[in-house]
Amino acid sequence: MSPKLEMNTAARQVLLATRGLLEEKFIRKVTTTLGVVTAILFTISFISYRSLTTFINASNQVTYTQEFLTELEDLVSHLKDVESGQRGYLLTGKERYLEPYSAAVREVGQALKALEKLTAAHHPNQQQQLQTLELIVTQKLTELKQTIELRQDKGLEAALQVVQTDRGKNLMDNIRRVSREMENEEKAVLKQYMFQSQVNSRQAIFTFFGGICLTFSLLAGVYYLIYREIGQRQLAEAALRESKRRLQAQNMVLMELARRKTLSLGDLNAAVREITEAATNVLGIERVGVWLYNDERSKIHCIDLYEWNTSRHSQGMELAAVNYPAYFQALQEARTIAAHDAHTDPRTKEFSQFYLSPLGITSMLDAPIWLDSRLLAN
């Protein structure tokens, strides 16, 4: 395989690998964000459903309470009608006063059955109170029936003696007391339902709007990630294309240099000049030089320095190890010296005052040349 084909294959492999990493990272971010959005929407739905359920329960409780209180009021009202019919009969002895009495007794029975049905379906805790109320109502009806029978059999005086014992009044007072207790308990339960409904409603509203805002924020974040990913991918692909172009250019230069006969003819200086010119053009840098050690390895001298801006070659400059010990030590230890900020890099900062600053050099890249484990040049 030719060097040029190897370079192109490597560049394609790097491009594909980088694309794969970018896509995997991007998909992971987007998937995570969409998962969070889904969880938020699910939470909103759950809380909204719970709030709606509580609202429906509260509405049903309101309806039940209204029916219960109505039946309770009707019961007391019918008992009053029973008493009115009883009093009218006791005072007059006329049978026509027993007609409203009998009708009211039937209404009392119906009201008790309605209360039993309501408590069994919606409020079992009231059943014990209702049983107590039914017992007192039964006693009250028995007392009223007794006075009517006494009026029929023994006359008004006998009936009045039972009335004057206040037993009937006490039973009616107990009926009112138990009714109020049942009414208060029902209202307390209704109040609790309404309070919970309001709490859930506020919670649902807060969750809904907060969740919607957060969802839109996350979706905006997804949009930003997609937008940024596209930009980063375009930049990465542009950088890879530029890298590929440089690799191809370097490959072409190397092949061109290999085809030339300058070095094979033994003209080292001419070959070095061609190499430095080619390096400046391919790498896009201002200065390229080749330096050789002296026999004592105490200094290096420049056999060619090419400056791209002026297209000028120069040579003869020397650098002594005694003046730049850190740099010479780095040449021995490192395969390359890549100093992005040559003024502060500990390997190259010795050049700052007398070499870098006067020439406006900011960065340095030195590649030592080794032959048989012996450092020859850089």
remark   = Given unit charges at Cβ for Lys, Arg (+) and Asp, Glu (-), the dipole magnitude of region 274-378 about its Cα centre in debye, nearest 20, is 160
key: Cα pair distances in region 3-223, grouped into 5 Å bins until the bin that holds the longest one, percent each   = 1, 6, 10, 10, 9, 7, 7, 6, 5, 5, 4, 4, 4, 3, 3, 3, 2, 2, 2, 1, 1, 1, 1, 1, 1, 0, 0, 0
request  = Give the residue from GLY85, ALA111, GLY35 lying farthest towards the positive end of the charge dipole for the chain; charges sit on Cβ (+1 for Lys and Arg, -1 for Asp and Glu) and the dipole is referred to the Cα centre.
outcome  = GLY35
remark   = Expressed in nanometres to one decimal, the distance between label points 7 Å along Cα→Cβ at LEU41 and SER59 is 2.6
ask   = Across all directions of projection, what mean area in square nanometres is found for the Cα convex hull of region 282-377?
value = 6.4
key: Per-selection Rg to Rh, the chain - Cα, Kirkwood hydrodynamic radius   = 1.65
Simple label model, 7 Å out from Cα along Cβ direction - ARG312 to TYR227, nm = 5.1
task = Can you tell me which of 312-318, 107-113 comes out highest on packing, and rank the rest after it, using the mean Cβ neighbours within 10 Å?
result = 107-113, 312-318
task = Take each uninterrupted DSSP H stretch in the chain, measure its Cα extent along the helix axis, and return the ones at 15 Å or beyond whose mean Kyte-Doolittle hydropathy is at least -0.5.
result = 3-92, 98-122, 167-259, 268-283
key: Backbone HN-Hα couplings from phi across region 310-322 [Karplus 6.51/-1.76/1.60, Hz, Gly and Pro as x]   = 9, 6, 10, 9, 9, 7, x, 5, 10, 10, 9, 5, 5
request  = Compute the length gained on full extension between THR92 and LYS191: take 0.36 nm times their separation in residues and subtract their Cα-Cα distance, giving the result in nm to one decimal.
outcome  = 30.9 nm
inquiry  = Relative contact order of the chain, please, whole-number percent, based on alpha carbon pairs below 8 angstrom and at least 6 residues apart.
reply    = 14
key: Cα-projected label distance for SER217 with SER363, points at 7 Å along beta-carbon direction, nm   = 4.0
remark   = Once GLN128 and LYS80 are pulled to full extension, the length gained, defined as 0.36 nm per residue separation minus their Cα-Cα distance, is 14.9 nm
note = Under a Gaussian network model of the chain whose springs join Cα atoms within less than 10 Å, the largest fluctuation of TYR101, TYR355, TYR227 belongs to TYR355
remark   = Treating only Lys and Arg (+1) and Asp and Glu (-1) as charged, each at its beta carbon, one finds that region 3-223 has a dipole about its Cα centre, in Debye to the nearest 20, of 1200
request  = Take GLU286, project a point 7 Å from its Cα along the Cβ direction, then tell me which residues of region 332-356 have their backbone nitrogen under 19 Å from it.
outcome  = 338-345, 348-356
message = I'd like the FRET efficiency for LEU156 and PHE208, computed as 1/(1 + (r/R0)^6) with the beta carbon distance as r and R0 of 41 Å, rounded to 0.05.
response = 0.05
inquiry  = With +1 assigned to the C-beta of every Lys and Arg and -1 to the C-beta of every Asp and Glu, and no other charges, what is the dipole magnitude of the chain about the Cα centre in debye, to the nearest 20?
reply    = 600
note = Given a Förster distance of 30 Å, the FRET efficiency implied by the Cβ-Cβ spacing of GLN250 and GLN353, rounded to the nearest 0.05, works out to 0.30
message = Here is the link list: LYS94/LYS117; LYS140/LYS187; LYS145/LYS191; LYS25/LYS244; LYS244/LYS349. Which ones come out longer than 30 Å on Cα distance?
response = LYS94/LYS117; LYS145/LYS191; LYS244/LYS349
query = Which one of ILE56, LEU72, LEU130 is farthest out on the positive end of the charge dipole of the chain, using unit charges on Cβ (Lys, Arg +1; Asp, Glu -1) and the Cα centre as origin?
reply = ILE56
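A short reminder: the numbers here are calculations on the coordinates, not readings from a lab. These numbers come from a predicted model, not from an experiment. Every residue, glycine among them, receives a Cβ derived from its backbone with ideal geometry; neighbour counts consider all protein chains shown.
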